[in-house]
Number of protein chains: 4
Amino acid sequence: MMTSPSLEDAQAVLAAQPFSAMMGTTLSQYDGEGVTLELDLKPEHLQQHGYVHGGVQCYLADNALTFAGGQRLGPAVLTAGVNLSYLRPASGERLIARASVQAATSRSAVTQVEISALKDGQEYVCSVGSGTISTMKK
Amino acid sequence: MMTSPSLEDAQAVLAAQPFSAMMGTTLSQYDGEGVTLELDLKPEHLQQHGYVHGGVQCYLADNALTFAGGQRLGPAVLTAGVNLSYLRPASGERLIARASVQAATSRSAVTQVEISALKDGQEYVCSVGSGTISTMKK
Amino acid sequence: MMTSPSLEDAQAVLAAQPFSAMMGTTLSQYDGEGVTLELDLKPEHLQQHGYVHGGVQCYLADNALTFAGGQRLGPAVLTAGVNLSYLRPASGERLIARASVQAATSRSAVTQVEISALKDGQEYVCSVGSGTISTMKK
Amino acid sequence: MMTSPSLEDAQAVLAAQPFSAMMGTTLSQYDGEGVTLELDLKPEHLQQHGYVHGGVQCYLADNALTFAGGQRLGPAVLTAGVNLSYLRPASGERLIARASVQAATSRSAVTQVEISALKDGQEYVCSVGSGTISTMKK
């Protein structure tokens, strides 16, 4: 039977992603309840109006949705697709992406994510989305 | 009547995005036929298996879909949502995102994007997606 | 201030949809927790393999996602888009679509839906999805 | 090697779908360029404001996206997911859904669809969307 990777295993995967290392992403939760990725915001994460670039949110969503799928299905997964809806401009000290499994079979999972910005000590939701994650075909 | 920004205008917008500057994105087409963004791949764009991180593709898709919407609707647009489907792992020298308007009204556009990897001088499609772009509400 | 329609108001809206009347859809929940639509399955709801047609699930998802948005935002809403992921073939006596608000501003809501089939007295999830619902622009 | 079904084969599949028979859908194109489904509008296809019910468009989109995937990948396909963005209210004499393959591998295809309404002899686009279609896993 498949055993879900531990938080430490998952943090090692994240650390092995050069792009996540450059972004500065950390993994603070990885269990059956869901997955939480955090990103301390820096000036280079912004777009031309001073808000967090939508692509930064997309990256964080893609990563959180995939980790949530892998937590359920095992580490050998592929992300088939992701979507993200933007609700409010993001700014502040940190982005927090919380992802969990919305529904799953033994071979695929639909995962959902909510991205919040922590600004002046308050969180507000910036975007929400979902992803489709599959086990690798044999 | 609204006049579409020129290629130079749009390149200035891209240059004003700190995140795109860090990524190294360039804009090579911006006209009524569509928009092309290019990204020379570097080691920090990869994930743990040596392929381009899905989040890099998501970022590029988000940006190309939004530029394509702005080209049609004018520069004051908001991206309501994006989706991206992954078809093949991406690797090589460069990512190329080509986006265009699939359908539009005067206030919103559905744009589509195809992301290709240029590897050993050959292009292949890695992912495709779409976005919903709206003019800002008065 | 906007007052959410009551269950009876919403049932009257559903009854005023000729397509929903033909399908046989009923509304059994409509409150701040979410919305539940139910559809007793008949032979004309099936596809060529004897399962419920995906388009029937799409219809039910679209309707539940929109009702959930209207419950939050008020009755004058437009559905900007919907998506649905299929997990298992649907068959049995009844489809049940449960929708709720995933996140919202005063002008738009992202709603989510889970569609289950009731078969031999047991429910199982067939598909999940989400929608973007907006208030009408003035 | 897989041979794509003919137009007649595909029309027989459509005729074997009880739901499509009830709706009155016809298939007028099925080739390497794409797939066209048509639906003569009747009063029972409408919603409470007299426009075509969004769920009718969703059904037609789901069906066209799936047929377009099957045309490319062969008849044994599953639809993993669909999305549809609504641009304008639909009314008139007929809905026409044109779907084609946006990108594909040997095992999956992303297909796109445009739904137009024919009203007073003029066509206008009502909604556009995409779908992910896969071959059945062995």
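Some observations on this one:
- Within the range A:68-85, considering residues that are among the β-branched types (V, I, T) and farther than 15 Å from C:N83 by Cα, the one farthest from the other protein chains (Cβ to nearest Cβ): A:V77
- Boolean, B:L39 is touching a His at 6+ places or on another chain (Cβ under 9 Å) and in contact (Cβ under 8 Å) with a residue 40 or more places away in the chain: yes
- Flag for C:Y59 being more than 9 Å from chain D (Cβ to nearest Cβ) and aromatic (F, W, Y): no
- Flag for B:L65 being over 22 Å from D:A109 (Cα atoms) and more than 8 Å from every other protein chain (Cβ to nearest Cβ): no
- Qualifying positions in the range A:86-114 - more than 8 Å from chain C (Cβ to nearest Cβ), closer than 15 Å to C:G129 by Cβ and among the hydroxyl-bearing types (S, T, Y): A:T111
- Any chance D:T25 is closer than 17 Å to D:I115 by Cβ, more than 10 Å from every other protein chain (Cβ to nearest Cβ) and of a type in the set (V, I, T): no
- Looking only at the range C:57-81, and only at residues there that are aliphatic (A, V, I, L, M) and under 11 Å from the mean Cα position of the chain (by Cα), the one that is nearest to C:G34 (Cα to Cα): C:A68
- Selection from the range A:1-22 of residues that are surrounded by 15 or more Cβ atoms within 10 Å (Cβ to Cβ) and either closer than 18 Å to A:T79 by Cβ or within 9 Å of chain B (Cβ to nearest Cβ) (or both): A:S4, A:P5, A:A10, A:V13, A:L14, A:Q17, A:P18, A:F19, A:S20, A:M22
- Candidate set: the range A:120-134, residues that are surrounded by fewer than 20 Cβ atoms within 10 Å (Cβ to Cβ) and not small (G, A, S); chosen: the one farthest from C:G131 (Cα to Cα): A:D120
- The set of residues from the range C:121-133 being more than 19 Å from C:L87 (Cα to Cα) and more than 16 Å from the chain's Cα centre (by Cα) comprises just one member, C:G121.
- A single entry from B:L27, B:L87, B:L65 fulfils the requirement of being farther than 23 Å from D:S100 by Cα and hydrophobic (A, V, I, L, M, F, W, C): B:L27.
- Tally of residues being surrounded by 17 or more Cβ atoms within 10 Å (Cβ to Cβ) and over 17 Å from B:A61 (Cβ atoms) across the range B:23-50: 2
- Subset of the range B:44-56 that is at the interface with chain A (Cβ under 10 Å from one of its Cβ atoms) and out of contact with any His (no Cβ under 7 Å at 6 or more places or on another chain) - its residue that is nearest to A:G24 (Cα to Cα): B:E44
- Test result for A:A117, under 30 Å from B:A15 (Cβ atoms), within 12 Å of chain B (Cβ to nearest Cβ), touching a residue at least 40 places away in the same chain (Cβ under 8 Å) and buried (at least 23 other Cβ atoms within 10 Å of the Cβ): no
We did not get these values from a lab; they are worked out from the coordinates using the rules stated. The structure presented is a predicted model; accordingly, all values stated were derived computationally and were not measured. Cβ atoms come from the backbone with ideal geometry, glycine included; neighbour counts cover every protein chain shown.
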